[in-house]
Amino acid sequence: MKYKIYPFFVAFVAACVSGMWMSCRQSSDFEVNGIVAGADGQTLYLENVGLSATVMLDSVRLNASGKFSFRQPRPAYPEFYHLRLNSQLINFAIDSTEVLSFLADAGTFATSYTVEGSANALAMKEITLAQLDANQAIKYLRKEYESGLISDSLYQIQVQKVMDTYKETALKYIYTRPMSTASYFALFQQIDGLLFFDLYDRTDSRAYGAVATSYNHFYPESMRARHLYNLALQSLKVLRSERTVDLSSIAKEITLLDIELPDFHGEKIKLSDVAKDRVVILNFTVYQSEWSAGLNTTLGRIYAGYHAQGVDIYQISLDSDTHLWKNIVSGLPWICVRDPQSVYSQSAALYNVKQLPAIFILNRKGNLVKRVEDINTLEKEIQAVL
């Protein structure tokens, strides 16, 4: 028996297949589109802002219309991105959102844009503007301080007020919507490359704990949830205080926050490789500073006295001058690496570095056991760990 295939039936099947394909495409991709006015001939980039690196995903050379559209695979867990035009950035996150639309002007790209499709993207704009305001205010205060117009104590008081103003904006999201990408974003904003929220401040540590607990509940398998959990446990361990958040639902061991950076010869060295069965002094530093020579003298004495007992040093330079760094480290016996991101180092952000030099001690299991505030106590702390 022969069957006729009617045209309307073919069209119906084709429509169903097309609909299923579009549904699959929508579920596996996200789209970012919009218009950037006044950017004819300029290149717009879409970049993923990862935990330890920023990766360029796509780019487009804009024409007179300013229209753009990017499509990328949707991440398994909430992830952060930005649009970059020259040095200006628009930050956003992708969680359950599939399509975001932006309208911006090339001259005020980072500050005066509009966005549709994501409440979190709108919140991140508010947080970004608060961060930019804080940066401008502190630059002005620093100029007054360096000119001798305000005293040390007044400068510190005014800077703290500026930082508290930013935190007011951030905490609106952190304590009301701790599971949101906006809260995570607010927690890790920086000023001069250093974080607003101090992991080792008793009040600020509660903010880390709130977001860490929420991320662990909603996204337990994500790298960001694990990273936050590690930071929260570091805070509790260093402060030696009662836990302010309930972390009982996850393992109770601080895993290593790994770093991989190039040494003098350009070879990338992992902190995790150095820390295998060794006690490691992790040091973030800037060689082009007045205290660097004294710090390295102390480190050299400790290295000479304890290296044979299983102590190593993993020293991370945030110097922007590569030539200067190479000249200095060529004569140092321990492991010296450099972060090309300088003071905007995401490696430093992993360890919540707020001022330099920063010194941490990792035990033979790779767990952070001490943040050393006073270089003069470092040898005693090393002896205790050994």
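For the chain, build the charge dipole from Cβ charges (+1 Lys, Arg; -1 Asp, Glu) around the Cα centre, then report which of 140, 293, 280 sits farthest towards its positive end. Most positive-ward Cα: 280.
At q = 0.10, 0.13 Å⁻¹, what base-10 log of I(q)/I(0) does the Debye formula yield for the chain when every alpha carbon is treated as an equal point scatterer in vacuo? Taken in order of the listed q values, log10 I(q)/I(0) reads -0.76, -1.20. Evaluated with a Cβ-only charge set (Lys, Arg +1; Asp, Glu -1), region 27-155 carries a dipole of roughly 240 debye about its Cα centre, given to the nearest 20.
If both residues of a DSSP beta bridge must be in the chain, then about 70% of such bridges are antiparallel.
Taking Cα atoms only, the orientation of helix 119-146 departs from the longest principal axis of the chain by about 30 degrees.
Dipole of the chain, Cα-centred, from +1 at each Lys and Arg C-beta and -1 at each Asp and Glu C-beta, to the nearest 20 debye?
I would put it at about 960 debye.
Surface composition of region 118-209: carbon plus sulfur atoms contribute 54% of the solvent-accessible area (1.4 Å probe, protein chains only, all chains present).
Of the GluC sites (Glu not before Pro) found in region 252-322, those that fall in a DSSP loop while having at most 15 other beta-carbon atoms within 10 Å are 253, 267, 290. Given C-alpha coordinates of region 122-175, what is the ratio Rg to Rh with the Kirkwood estimate of Rh? Answer for region 122-175: 1.08. For region 55-148, the Kirkwood estimate of hydrodynamic radius, built from reciprocal distances between every pair of different alpha carbons, is 15.3 Å.
Counted without the sites themselves, the longest stretch of the chain free of chymotrypsin sites (Phe, Trp or Tyr not before Pro) in a DSSP loop having at most 16 other beta carbon atoms within 10 Å is 4-174.
Relative to the longest principal axis of the Cα atoms of the chain, the long axis of helix 202-218 makes an angle of roughly 40 degrees. Between helix 223-239 and the chain there is an angle of about 30 degrees, using the helix long axis and the longest principal axis of the Cα atoms.
Computed over region 253-386, the quotient of the alpha carbon radius of gyration and 2.2 N^0.38 Å is 0.96. Per residue, the chain exposes 51 Å² of accessible surface when a 1.4 Å probe is rolled over the protein heavy atoms with every protein chain present. Projecting the Cα atoms of 195, 179, 345 onto the charge dipole of the chain (Cβ charges, centred on the Cα centre) puts 179 farthest toward the positive pole. In deg cm²/dmol, rounded to 500, what helix-only [θ] at 222 nm does the chain give when every DSSP H run of at least 4 residues adds -39500 (n - 2.57) and the total is split over its residues? The per-residue figure over the chain is -13000 deg cm²/dmol. If you sort the three axes of the alpha carbon gyration tensor as a ≥ b ≥ c, you get a/c of 1.5 or more for region 300-347 and a/b no higher than b/c, which makes it oblate. Please find the FRET efficiency linking residue 153 to residue 320, where r is the Cβ-Cβ separation and R0 is fixed at 22 Å, and quote it to the nearest 0.05. Once the sixth-power term is evaluated, E becomes 0.15.
Over all alpha-carbon pairs in region 317-386, figure out the percentage whose distance exceeds 19 Å. So the pairs more than 19 Å apart make up 47 percent of the total in region 317-386.
The values are calculated or read from the model by the stated rules, or taken from the named source; none is laboratory data. Predicted model, so just to flag it, every value in this text is computed and none were measured. We place every Cβ from the backbone using ideal geometry, glycine too, and count neighbours over all the protein chains shown. Just the protein is used for accessible areas: all its heavy atoms, side chains included, with ligands, DNA and RNA removed. Shrake-Rupley method; radii C 1.70, N 1.55, O 1.52, S 1.80 Å.
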